[in-house]
Every structure is written in structure tokens, then in C-alpha cells.
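Inspection log for the structure reproduced underneath, given as C-alpha cells.
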Amino acid sequence: YDNWLLRVHGYTIWCDSAIQNFRQGMASNYLLPKALVIKMIDICNGLISKEDTSSLFYGPVKNLPTTFSNAERTRIINAYKDVIKNELNPSHTKLAAFLKDEYLPKARTTAGVGDLPDGLNYYKLCVKEWTTTDKTLDEIYTTGLNEVKRIRKEMEDTKNSTGFKGDLNSFFHFMKTDKQFMPFKKPSEVLDSFQHIYDIIKPSLTTYFVLFPKSRFEIRQTEAFRAASASIEYLQGTPDGSRPGVFYIPLLDATTFNITSGMESTFLHEAIPGHHYQSSLQMEDTLLPTFRRFKWYGAYGEGWALYCESLGKELGLYKNPYQHMGALGDEMHRAIRLVVDIGIHSKGMTREEAIAYMMQNEPVEEQGAVAETERYMGMPGQALSYKIGALKLQELRKNYAKQLGAKFDIREFHKQVLNSGCLPLSVLEDKLNRWATTQQ
């Protein structure tokens, strides 16, 4: 509690520093898009409370340990009320007012960083950092277009296999709205369904893996206080094993949870063998230098997780065409990112064009397309890492299977990918090439 109070003092200084940095950007015409600034103003206003005890930041005080003395409890309660009233509320009020009155009128109407001073070179640097490759913008963009075309063809075939007579967008609407795809009555049933997915793949895991993490794994419902703004996610455990790796599912209303939303592919990506295997094995490997046990490269980490989605059929999943369509929807989502991210930041694609392109090619509501597009606007290059990483892993697996023939062991390939922690793709490929040579 006292450490958090100290961090508040540093945070209010950060807020003042942010305003000064924004003013530097205004002076040099280095500005954020208006659409993002509007959301930032809303966020700041949402953090301001009329009553100290109703503040989001007061929450921990409601759960003070029973072992605390009355004097200690009173001291902490008063300290929290004081920083909420005299530091946090004023800082957020000041930041919201600055963004609304000074920054928003000057914010840019364009979506991409390519419109900033020297913005295209900045974007190329972002792309290199997030993909850990030397791929050109046009190369990535073309790959995205080709992947969208390929996946759309597979979606059409899957749709036709169900006997559905309408076009693909009609099928998307059918899957999102038909009550047969929302069978759950209570949250425990959703959690049990994810556990069933785990039970299906368990017998096949030893066929594809020889490395397994020591960290415990759990499936949980996301806590109520953060469920409204959360998505399905994986939170890795701790090195000492005191906290397990947790696969979280936010469930505000279990009756609206749709089974065609890619349940099987999401479990493979976020949980097992995706983020749980990769992050746990890396964290647990005490032979690695400390910085490598906790290092993150998006192209490797998210690439591995997306690659794991492609293992669905091999692990006994995607037998139901609607689950397969959900998996294709997840894959399409990552392919679209290659087109939209490059398009926004280097080809003049507008925010509205990006939203329309997403809604045309995947089963997403407008609200979701808006949120995704604005994420790409605010984090240039990040969204490229998933598909670029997965494609590289699929390419390497295919190449080594052909090169090694009967000597290729998928378990050993996965071991070599996982047993060095997060790496830039170029370093990973060099490592795997040496491994393949020794196998020959």
C-alpha cells in the first residue's frame, strides 16, 4: 500500500511531463490523430471521481487485510483518500482539460504516422522493430493481400460445407446472431467448455512436444471489476511458481457468449500450447541470462501463438465447421492487419477505409473494427508481428520437413523453437538452420 502511494507521487509528475511533451509535439507538428485524442479525453474524465471512496483507485482499500491494526487501517484509508482528492483527481482533470482545450484543436485529421515529419522513415523503423525482419512495406502489404484472398477462399469452402445458401457476409451475420451458437446459461458452462477443449488436445500434446512447462495452468473467469474492458487473455505465472499461468475469460453475460467466436483457436493461441508454453518455458529456464528469461519480441511471441492456432486439426480440433470458421476468422483478422497497418501508415488509407475493409472481410461488428483500427493508428507496426512471425515458423517447418525427410521430428522442431526464449526471427532462423544441419 505504501509503495503504491509512492508511485502515485511519481505518476502525477509523469502527467505534467506528458503535457510538456505534447506541447513539444504541437510546436513541431508531431501530433496524434483526433480520433485517438477524443478517446484519451474520455479515459481521463473516467478516472476522475466525485467522491474519494467511489474512485477506481480506492478499490484496494476495501480489501485491507484483517491482520492490520485499526490505527494502520485508518492511516492507509486516509492516505488513499488524500492522494485521490489532492493528486489523482487534479492531475486527471488537468490532463483532460489540456487535451480538450489545447491539443484536440491542433490534432491531425489523418490516421497514419506517414503524415508526420519524416514519418515514413519512422514507420519503417517501427516495422523493423516489430517484425524483426528486413521485409519491405510493399512486401508485407502484398503478403497481406494474398493471405486475405487465400483465407477468404477457405472460408467460402467451409461455409458451403454447412449447406448455407447466402453469401459470406450473410454467413458471418448468421454465426453472430443465431441463438444456437449461444447455448450457455451461466459462466461456469463457458469455463467448462474451454476445459473440454483442453481435454481434447491433451492426448496429442506428447506427439508434438517434448518440452513442457513446470508452471501450473488454470482457466478462470475475469474478475468483475475489470471484465467490462477486458478481452480473453493469458497472464503468465511467476518464476517461483507461487502464481500459476492463468487463461482469463471475461463474462459479463454468459448467455451472449458465442461458440463460433474462435473458442478452439483462441485457447491454442492464448493458453496451450501458445503463450503458456512459450512464456513459461522461457521464464523457467535458469540457464538463460536473466534478460533473456523475460525478453519479449512480438514477432516471435505472437508469431508462436498464432502458429499454434494452425495446429488445431493436428491436435484434434476444428472438426466442427463453425469452430473451423471461427479459427479462420481469427487467422483472417491477423492477415487483414498486414493490409490495414501498412495501408494506414504508408499508403494513405483512411480510418474509415480501414474499418470498412475489416468489416468486409471478417465477422466483426463496427465497434470492434473501430477499436482495432484505432489500435493500429496508435501502435504503428505492432499488429504486423503476429502474421509475420507465424508465416516464418510455418515456412521453416515446411522447409525442414522437406530437407530432412524421415529425419524430421516435429517434437524436436518445436523444442528448438521454444528452448532459447524469445528471439528476433533472423536469429531464430540462424539457430534452426544450424540445428537442421546437425540433423542431416
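The values are calculated or read from the model by the stated rules, or taken from the named source; none is laboratory data. Owing to the predicted nature of the structure, the values given are computational and were not obtained by experimental measurement. Glycine also receives a Cβ, built like all others from the backbone with ideal geometry; neighbour counts cover every protein chain displayed. Side chains are part of the model used for accessible areas, which takes the heavy atoms of the whole protein and leaves out ligands, DNA and RNA. Shrake-Rupley method; radii C 1.70, N 1.55, O 1.52, S 1.80 Å.
Counting residues in segment 375-395 that are more than 22 Å from Trp130 (Cβ to Cβ) and touching a Phe, Trp or Tyr at 6+ places or on another chain (Cβ under 7 Å) gives zero.
Among the residues of segment 203-225, those that are surrounded by 12 or more Cβ atoms within 10 Å (Cβ to Cβ) and either among the hydroxyl-bearing types (Ser, Thr, Tyr) or outside any loop (DSSP other than H, G, I, E, B) (or both) comprise Ser204, Leu205, Tyr208, Ser215, Phe217, Glu218, Ile219, Arg220, Gln221, Thr222. Does segment 398-415 contain at least one residue that is polar (S, T, N, Q) and in contact with a Cys (Cβ under 9 Å, 6 or more places away or on another chain)? The answer is no, given that none of the residues of segment 398-415 is polar (S, T, N, Q) and in contact with a Cys (Cβ under 9 Å, 6 or more places away or on another chain). Screening Ile41 with (1) assigned to a loop (DSSP other than H, G, I, E, B); (2) closer than 30 Å to Gln367 by Cβ; (3) of a type in the set (A, V, I, L, M, F, W, C) gives one miss only, at (1).
Annotation note: of Leu104, Leu120, Leu125, Leu145, the sole residue that is among the aliphatic types (A, V, I, L, M), without any contact (Cβ under 8 Å) to a residue 40 or more places away in the chain and open to solvent by 20 Å² or more (accessible area, probe 1.4 Å) is Leu125.
For segment 321-440, the helices (runs of 4 or more DSSP H) that sit wholly inside it and include 3 or more residues that are more than 30 Å from Ala230 (Cα to Cα), more than 18 Å from the chain's Cα centre (by Cα) and free of Cβ contacts under 8 Å to residues at least 60 places away in the same chain are 385-404, 425-439.
Tallying residues that are under 16 Å from the mean Cα position of the chain (by Cα), part of a helix (DSSP H, G or I) and either more than 14 Å from Glu233 (Cα to Cα) or small (Gly, Ala, Ser) (or both) within segment 257-294 yields 3.
Per-residue answers, yes or no, for (1) touching a Leu at 6+ places or on another chain (Cβ under 8 Å); (2) farther than 30 Å from Tyr1 by Cβ:
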residue: Phe57; (1), (2): yes, no
residue: Pro65; (1), (2): no, no
residue: Phe68; (1), (2): no, no
residue: Ile76; (1), (2): yes, no
residue: Glu87; (1), (2): no, no
residue: Ser91; (1), (2): no, no
residue: Asn121; (1), (2): no, yes
residue: Val127; (1), (2): yes, yes
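Within segment 226-256, restricting attention to residues that are of a type in the set (A, V, I, L, M, F, W, C), out of contact with any strand residue (DSSP E or B) (no Cβ under 8 Å at 6 or more places or on another chain) and in a loop (DSSP other than H, G, I, E, B), the residue that is most open to solvent (accessible area, probe 1.4 Å) is Leu252. Considering (1) outside any helix (DSSP H, G or I); (2) over 22 Å from Lys149 (Cβ atoms); (3) free of Cβ contacts under 8 Å to residues at least 40 places away in the same chain, the lone condition that Glu314 does not fulfil carries the number (3). Residues considered: Thr133, Thr110, Thr67. Of these, the only one that is open to solvent by 70 Å² or more (accessible area, probe 1.4 Å) and in a loop (DSSP other than H, G, I, E, B) is Thr67.
For segment 257-270, a residue qualifies if it is buried (at least 22 other Cβ atoms within 10 Å of the Cβ) and hydroxyl-bearing (Ser, Thr, Tyr), and the qualifying residues are Thr260, Ser265, Thr266. Per the listing Leu125, Leu120, Leu95, Leu88, the residue uniquely assigned to a helix (DSSP H, G or I), under 23 Å from the mean Cα position of the chain (by Cα) and not charged (D, E, K, R) is Leu125. Among the residues of segment 383-440, those identified as among the aliphatic types (A, V, I, L, M) and under 20 Å from Thr206 (Cα atoms) are Leu393, Ala401, Ala406, Ile410, Val417, Leu418. For segment 284-292, the condition of being more than 18 Å from Gly389 (Cβ to Cβ) and touching a Pro at 6+ places or on another chain (Cβ under 7 Å) holds for at least one residue. Taking the criterion of being surrounded by fewer than 17 Cβ atoms within 10 Å (Cβ to Cβ) and not in a helix (DSSP H, G or I), the only residue of segment 2-38 that qualifies is Asn29.
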